[in-house]
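The structure appears right after this line, and notes come after that.
Any read-out appearing in this document is the output of simple, stated calculations on the displayed coordinates, not a laboratory observation. Keep in mind that what you see is a predicted model, and the values were worked out from it rather than measured. Every residue, glycine among them, receives a Cβ derived from its backbone with ideal geometry; neighbour counts consider all protein chains shown.
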Amino acid sequence: MNDLRARIAAIVERDRALRGTEHPRERETPPAPPRRGAPSGPAFERRERRIALDDLGLEVVGRGACDPLLAAHLGLKGDPPREWRDILFLDTETTGLSGGTGTYVFLIGLAHFEPGDLVLRQHLLRDLGAEAAFVETLKGELAPFRACASYNGKTFDLPILRTRFVMTLRSELTVDESHLDLLHPARRLWKDRYGSTTLRQLEESVLDDGRVSDIPGSLIPDAYFHYLRRGDEAIIAPVLEHNARDVVSLVRIADRVARAVLAARAGRAPDHAPAAYALARVFERTGELAAAFACYESAYCDGDNALRVRLALPYARHLERRGQAERVVRMLETLLALGLGSARWRAQAEARVRRLCASGTRTTAAAANASWQVRRGGAA
């Protein structure tokens, strides 16, 4: 150990001697001059605007109490919020798109409901050196809320926010104790129809309010660093508008999902069969069997044969509950006769048909069994 210390001391002395023989200009790096045009004023700022609910066209979200079963359709994980005002809608802009400890959150858009209005607040970090104070301010903004809504936030926004909280404040993030991630219900309702379910695509296809001009998300980190160097507000303005548009669209998409759910509960299932099937499965999980049946029936009537095979067995369970076992047999026999389904699915469908025939579902069970043997290749 003493030998190691001696060797380290010798290296230090040698380095000092070398620095003493260098040209004076090379011994010290002069301090960097002040950045010309760097953002002046406070190190971070908050911008706020209020938007009337009527101007956003909201019919469900933000109005009245928050139905816990409806929240489940909005991608809820955790305990349901009691009121819409308990939910904080959020979207972040960061210095990188891959996450990690070196990625900073430099802009966050937060929206919550107050009577008659959606309140949108944007927090912009104008100096990376002030991140600790910036995050402390965000902590105060997030503290009143225990539920948040995002678009793929569970994968991207919340992990990065949590990392910044831990690194700067040694503090945990509590806002996602209940999380409504709207990416998943959006995919259920619209991915099969439109292919893409980015917010921009849904603005065009669902909200009929596409963006005329917008900065691509991939360019936002570079735009921010350029803004830090130049201090030109015109550089950051498109990023602020992009972020504000994302947050507002998040709220509006939540309302469109909620409308589809309430319409299905009233017996008006989506006219797109895959969407109706996706809703039926969620209704079944929430125990809303009447709405699930309406969606299964709509999907079976409007879907192609591949979709019919996927939903036939759960649909058959609902038909049996309603005393329509004869209809189950006809439906499954038709699909089997068409040669549809995997070997496993066919085995399950055949077992169900045999059980129903054996229980006397058919008026003439013998005729039904004879028909079954013919289809199986046995004696007539």
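Report the extension gain between Arg285 and Ser98 in nm, rounded to one decimal, defined as 0.36 nm multiplied by the number of residues separating them, less their alpha carbon distance. Mind dumping the intermediate values first?
Working: separation 187, 0.36 × 187 = 67.32 nm, distance 3.38 nm.
Full extension of this stretch gives 63.9 nm more.
I'd like the GluC sites (Glu not before Pro) in segment 43-87 restricted to DSSP loop residues with at most 16 other Cβ atoms within 10 Å, sorted by number.
Numbers: sites: Glu45, Glu48, Glu59, Glu83; in loops: Glu59.
Answer in residue order: Glu59.
Given labels modelled 7 Å from the Cα in the Cβ direction, how far is it in nm from Glu59 to Ala143?
Spacing of the two 7 Å Cα→Cβ label points: 4.0 nm.
Once you place label points 7 Å from the Cα toward the Cβ at Ala358 and Val119, how far apart are they in nm?
Using points 7 Å along Cα→Cβ, the separation is 6.5 nm.
I want to check the label-to-label distance for Ala263 and Glu241. Put each point 7 Å from Cα in the C-beta direction and report it in nm to one decimal.
Spacing of the two 7 Å Cα→Cβ label points: 3.1 nm.
Tell me, in nm to one decimal, what length is gained between Ala347 and Arg211 on full extension, where the rule is 0.36 nm per residue of separation less the Cα-Cα distance?
Numbers: separation 136, 0.36 × 136 = 48.96 nm, distance 5.04 nm.
My answer for the length gained is 43.9 nm.
Which whole-number percent is the relative contact order of segment 77-122 (Cα, under 8 Å, 6+ apart)? Numbers along the way, then the final one.
Working: 57 pairs, mean separation 15.1, N = 46.
Across segment 77-122, relative contact order equals 33 percent.
Relative contact order for segment 44-262 using alpha-carbon pairs under 8 Å, separation at least 6, rounded to a whole percent? Write down the numbers at each step before the final one.
Working: 350 pairs, mean separation 59.3, N = 219.
The normalised contact order for segment 44-262 reaches 27 percent.
Go ahead and run the numbers for FRET between Thr334 and Asp232, Cβ-Cβ distance against an R0 of 45 Å, rounding to 0.05. Could the numbers behind the result be given before it?
Numbers: r = 67 Å, r/R0 = 1.50.
After rounding, the FRET efficiency stands at 0.10.
Within straight cross-link reach of Lys154, meaning Cα distance under 17 Å, which lysines are found once same-chain residues fewer than 8 apart are removed?
Lys77
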